[in-house]
Amino acid sequence: MNTNGANVGIVIVSHSPLIARGTADMVRQMVGDSVPLAWCGGNAEGGLGTNARDILTAITSAWSEAGVAVFVDLGGAETNSEMAIEMLEPARARRVLICNAPIVEGAVMAAAEASGGAALARVVATAEELSP
Amino acid sequence: MRTSRPLLPGLIEACHAVIVSNADHLGELDRAIGDGDHGTNMKRGSEAVYAERDQLGGLPLPEALEKIGMVLVTTIGGAAGPLYGTLLIEMGRGLRAAGSGDGVLAETLPPAVAAVARRGRAQAGDKTLLDVLYAVQQAVLKQSPPAEVAAYAMSAATDTIAMKALRGRASFLGDRSIGHMDPGACSCALLTGSICRFLEEFPSA
């Protein structure tokens, strides 16, 4: 995992590890290693699911002093991401935002914005413009 | 609730037993209106807590409740992990803030249930486990005997059959969610029933 501290990090959380990894591949294709990136998905038995501990690990792995934008698919992914953020130390937790955006398009758009050095709020706003 | 040592491992065993024996049923309910993993998720969570029951029993009750909550968050996963986890974590925090004493545990329930509602962005009537938690809270605050609390819980779970889901995966089905019991409401009522039965038989509770 790249941990370039200058740019906002991107975390992708899907119930499906295949979707999470595939989305991360698309982000990488777009921005290379210029953005810290991590993904997680699936449950302990190899089935579909999300859990807070894996999300916490992903956020830590993609950590950037500029903050981290998290992309989620369905309900549990968002709820577990909120729990994961609360498990961070408060100084870090304030710099992690969950984006209300489609997971693939949002992550790719956000990464493109982040690769140019945009601040967290700008990265999130760019991704959220995709939501109706 | 004077000491957590003899009580808590017993409660954990009772909760574990009811989840394990109903895991298939919870899975069936969830397959009807959700993604079908509620039974296996709840079983994974209850087994993780069960494995640590003796250590948990040695902790002061507020710490034990928070620890159980964290275990549930990380092992149940899905949407239910954060919801059950939040309930127990908040009860533990409330209990620590309030200090010890009879009846204090009941007073931790309303703020903990409110935290679950915020976490799930749900309210009464949305066809979620919250419908059962509100019924339990009301019964507990009225100081109803355990058997009555359990009956209110099961009745509230049954009431979710006629509801249309407004939160969670089942909400994607719209009207087709009507006619099925919400799996989260079912697990919540089963756990409540198991806890109440245990407390009835527990000498000093």
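FYI, it's all coordinate maths here, none of it is from the lab. Just so we're clear, the structure is a prediction, and the values are computed from it rather than from any experiment. Cβ placement follows ideal geometry from the backbone for every residue including glycine, while neighbour counts extend to all protein chains displayed.
Mean sequence separation of contacting Cα pairs (under 8 Å, at least six apart), scaled by the length of chain B, corresponds to a relative contact order of 22 percent. Mean residue ellipticity at 222 nm, helices only, chain A: -14500 deg cm²/dmol; runs of at least 4 DSSP H residues each add -39,500 (n - 2.57), and the sum is divided by the number of residues.
Temperature 4 °C, viscosity 1.567 mPa s: under these conditions the Stokes-Einstein estimate for region B:124-201, based on its Kirkwood radius over C-alpha pairs, is 105 µm² per second. For region B:1-90, the percent of C-alpha pairs falling in each 5 Å distance bin, counted from 0 to the bin holding the largest distance, reads 3, 17, 23, 25, 17, 9, 5, 2, 0.
Tell me which GluC sites (Glu not before Pro) from region A:34-132 have a DSSP coil assignment and no more than 16 other beta carbons within 10 Å of their own. Could the numbers behind the result be given before it?
Working: sites: A:E45, A:E65, A:E78, A:E82, A:E86, A:E105, A:E113, A:E128, A:E129; in loops: A:E45, A:E65, A:E129.
For GluC sites (Glu not before Pro) across region A:34-132 that sit outside H, G, I, E and B with at most 16 neighbouring Cβ atoms in 10 Å, the list reads A:E45, A:E65, A:E129.
Over the residues of chain B, the helix contribution to mean residue ellipticity at 222 nm works out to -22500 deg cm²/dmol, using -39500 (n - 2.57) for each DSSP H run of at least 4.
Annotation for A:R92 and A:S131: the two label points, set 7 Å from Cα along the Cα-Cβ direction, are 2.4 nm apart. Here's the picture: charge each Lys and Arg Cβ at +1 and each Asp and Glu Cβ at -1 in region B:122-167, and of B:I161, B:A122, B:Q138 the one pushed furthest to the positive end of that dipole is B:A122. Between the residues B:A51, B:A151, B:P110, the greatest Cα displacement towards the positive end of the dipole of region B:7-201, with unit charges on the Cβ of Lys, Arg, Asp and Glu, is found for B:P110. Based on every Cα atom in region B:73-156, Rg and the maximum pairwise Cα distance Dmax equal 12.9, 35 Å. Sparse packing (at most 14 other Cβ atoms within 10 Å of the Cβ) combined with a DSSP loop state is found for the following trypsin sites (Lys or Arg not before Pro) in region A:54-127: A:R94. Across chain B, the volume of the C-alpha convex hull divided among the residues equals 95 Å³ per residue. Basic side chains Lys and Arg get +1 at the Cβ, acidic Asp and Glu get -1 at the Cβ, and with that the dipole of the protein assembly as shown about its Cα centre reaches some 380 debye. D by Stokes-Einstein for the protein assembly as shown, Kirkwood Rh over Cα pairs, 37 °C, 0.692 mPa s: 159 µm²/s. Taken over the C-alpha atoms, region A:9-124 has Rg and Dmax values of 12.6, 39 angstrom. Put a plus charge on the Cβ of each Lys and Arg, a minus charge on the Cβ of each Asp and Glu, and nothing anywhere else: the dipole of region A:74-125 about its Cα centre is then about 200 debye.
Here the spin labels are modelled as points 7 Å beyond Cα on the Cα-Cβ line, and at B:A51 and A:A119 they lie 4.5 nm apart.
Taking the Cα atoms only, what angle lies between the long axis of helix B:61-76 and the longest principal axis of chain B, rounded to 10 degrees? On a 0 to 90 degree scale, this one is about 30. For the pair B:R118 and A:A6, a Förster radius of 45 Å applied to the C-beta separation gives a FRET efficiency near 0.80, rounded to the nearest 0.05. The amide H of B:M163, built 1.01 Å from its N in the peptide plane, has B:G179 as neighbours under 5 Å, considering only residues 5 or more places off or on other chains.
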